[in-house]
Amino acid sequence: MSATKFSSLKLQPELLNNIESLGYVKMTPIQAQSLPPILAGKDVIGQAKTGSGKTAAFGLGILEQLNVRNTRVQALVLCPTRELADQVSKALRRLARMCPNVKVLTLCGGMPYRPQVSSLGHGAHVVVGTPGRIAKHLRTGSLNLGSLRVLVLDEGDRMLEMGFQEEVDAIVAKTPEGRQTLLFSATYPRAIQSIAEKVMVDPVMAQVESTHDSGSIRQHFYKVGDDDPARLMALRLLLQEHRPESTLIFCNRKLETQSVRDELNRLGFSALALHGDLEQSERDETLVRFSNKSVSVLVATDVAARGLDIDTVDAVINYRLSRDAETHVHRIGRTGRAGSKGMACSLYGPRDRSVLDALEANGGSEIRDEPLPSKKALDSPIARAPMATLNVRLGKRQKFRAGNLLGALTGENSLKGDQVGKINICDNWTYVAVASESVDFALKVLGNETWKERPIKAWLLKDAVSPWAAALR
Ligand code: AMP
């Protein structure tokens, strides 16, 4: 952390007080570098990734210059995924909680369109959203950016990787020329440079050392054939030898994520797949189950893993190497965060030579392959996920709250507090993690409880994503 205090900045007292109440004492390096030019109204390119404090950097820049009496949209934050947009909106609301009446609206694809139009009709100061949906609102005229002062492109590199260039261009074209543009990106490839040249005026570069300390990630490379049986056996050996509690496995294709998941489930691992073809509700359910520790392996494509709001994982395994070195660094950065030790294992075959060369050039050293764990590893039992997820058919719309569920589960002669994990309340249902050995008891306890004089219905989610998650939206 830099030694610079927030009080050295020209910020409204409401914002300074709130920063203090949030427990932020010093600025993070990206904040120390980017906030002074942001507050001076300059265009800024911040090379920073999730966890660096970048959201507060642009968030404070936005909030400092809002005119709350004007209910037209004054700031727009474009994010590559709905998860990131939700995170950013939450962070902005938290930063604005001492500034009365600031309205932050989230507009993302995969969500019903009409309610968004009516929310826009009520006015908003800040809009956070994904490019496709924002572009649609602009086309239909429900969103007007004529009064925009600040445009933020968050995770610009991912937005481009996900093919949003056209939408971003269309959106920028609808904003006033005199706006301030802030671009945040973990990497700074050529395509980002050319966007910056197109949409920014004399930008200030705020660049900080990579926040993930590569020393805390141990990388291992294993030479296996190109065929699936050899890779699947390597996966089993690694998972059974190291028994990580949470593992993210990367594949390069959707179908591969499904076949690897099926094979792992057949062997007794609890695994789910995450890829671009999932309905939003299936994706949400998958992420809830992985992050609440009731599924221990997530098999994902790069696109699906963008902007994932999950804590650090114990291990990342590249079932197939990524097609370029940058994606590789991104993938392995999911482990070893926040000071924890991480393990990154990569399986490679003869066809991966060019990526390996790029990785060697990047890392400045030769990649040496290691022997896989011995077959003895297969004798050790498969690690079970510590938790299991129940789906309770009550949600926000029924005014059901986490406290109600916790109360029902942990009453007298019921579960202990530490047998209940994360609770995620959705519109019409709630996910609750319970210790896997207490599932039957938890279902029995809930079966005897009522809510507003109706029985509480709950199910255990099994390995596949529940088919009705999509049907019930
Ligand atoms: P971000 O990179 O924006 O996702 O932020 C990562 C986390 O750091 C968030 O949980 C923020 O609340 C927190 N954070 C941001 N700025 C500071 C700060 N100056 N001091 C302590 N925590 C911070």
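Computed values, structure above
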quantity	calculated
Residue that is polar (S, T, N, Q) and on the phi > 0 side of the Ramachandran plot, where the choices are 404, 448, 391, 413	413
Residue within segment 128-141 that is surrounded by fewer than 18 Cβ atoms within 10 Å (Cβ to Cβ), in contact with a strand residue (DSSP E or B) (Cβ under 8 Å, 6 or more places away or on another chain) and assigned to a loop (DSSP other than H, G, I, E, B) present	no
Enumeration of residues in segment 193-209 that are within 18 Å of residue 54 (Cα to Cα), part of a loop (DSSP other than H, G, I, E, B) and open to solvent by 60 Å² or more (accessible area, probe 1.4 Å)	209
Close pairs from segment 12-28: first closer than 19 Å to residue 102 by Cα and touching a residue at least 12 places away in the same chain (Cβ under 8 Å), partner in a helix (DSSP H, G or I) and away from the ligand (no atom under 11 Å from the Cβ), Cβ under 7 Å, at least 6 apart	12/64; 15/63; 15/64
Matching residues in segment 12-28 - criterion: being crowded, with 19+ Cβ neighbours inside 10 Å and more than 10 Å from the ligand (Cβ to nearest atom)	15, 18
Matching residues, segment 90-107, being at negative phi and surrounded by fewer than 22 Cβ atoms within 10 Å (Cβ to Cβ)	90, 91, 93, 94, 97, 98, 99, 100, 102, 103, 105
Segment 29-52, subset within 11 Å of the ligand (Cβ to nearest atom) and crowded, with 23+ Cβ neighbours inside 10 Å, residue modelled with the lowest pLDDT	48
Search result, residues across segment 104-132 that are touching a residue at least 24 places away in the same chain (Cβ under 8 Å) and in contact with an Asp or Glu (Cβ under 9 Å, 6 or more places away or on another chain)	108, 110, 128, 130, 131, 132
Checklist (1) open to solvent by less than 10 Å² (accessible area, probe 1.4 Å); (2) modelled with pLDDT of 90 or more; (3) under 25 Å from the mean Cα position of the chain (by Cα) applied to residue 234, failing item	(3)
Members of segment 444-458 that are free of Cβ contacts under 8 Å to residues at least 40 places away in the same chain, under 15 Å from residue 414 (Cβ atoms) and either touching a helix residue (DSSP H, G or I) at 6+ places or on another chain (Cβ under 8 Å) or part of a helix (DSSP H, G or I) (or both)	444, 445, 447
Strands (runs of 3 or more DSSP E) enclosed by segment 241-350 - at least 3 residues per element that are at pLDDT 90 or above and either within 25 Å of residue 223 (Cβ to Cβ) or of a type in the set (S, T, N, Q) (or both)	247-250, 297-300, 315-318, 342-348
Residue list for segment 368-395, restricted to those being small (Gly, Ala, Ser), open to solvent by less than 60 Å² (accessible area, probe 1.4 Å) and in a loop (DSSP other than H, G, I, E, B)	380, 383, 385, 395
Criterion violated by residue 74 - all others in (1) open to solvent by less than 10 Å² (accessible area, probe 1.4 Å); (2) under 28 Å from residue 303 (Cα atoms); (3) not hydrophobic (A, V, I, L, M, F, W, C) satisfied	(2)
Criterion: open to solvent by less than 10 Å² (accessible area, probe 1.4 Å) and not assigned by TED's automatic domain parsing to the domain that holds residue 423 - qualifying residue of 267, 298	298
Residue 126 within 16 Å of the ligand (Cβ to nearest atom), over 22 Å from residue 427 (Cα atoms) and touching a Leu at 6+ places or on another chain (Cβ under 8 Å)	yes
Qualifying position, being over 24 Å from residue 157 (Cβ atoms), assigned by TED's automatic domain parsing to the domain that holds residue 347 and open to solvent by less than 40 Å² (accessible area, probe 1.4 Å), among 281, 259	281
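The values are calculated or read from the model by the stated rules, or taken from the named source; none is laboratory data. Fair warning: this is a prediction, and the values are worked out from it, not measured in the lab. Methodologically, a virtual Cβ is constructed for each residue, glycine included, from the backbone with ideal geometry; neighbour enumeration extends over all protein chains shown. We work out accessible area using only protein heavy atoms, side chains counted, and drop any ligands, DNA or RNA first. Shrake-Rupley method; radii C 1.70, N 1.55, O 1.52, S 1.80 Å.
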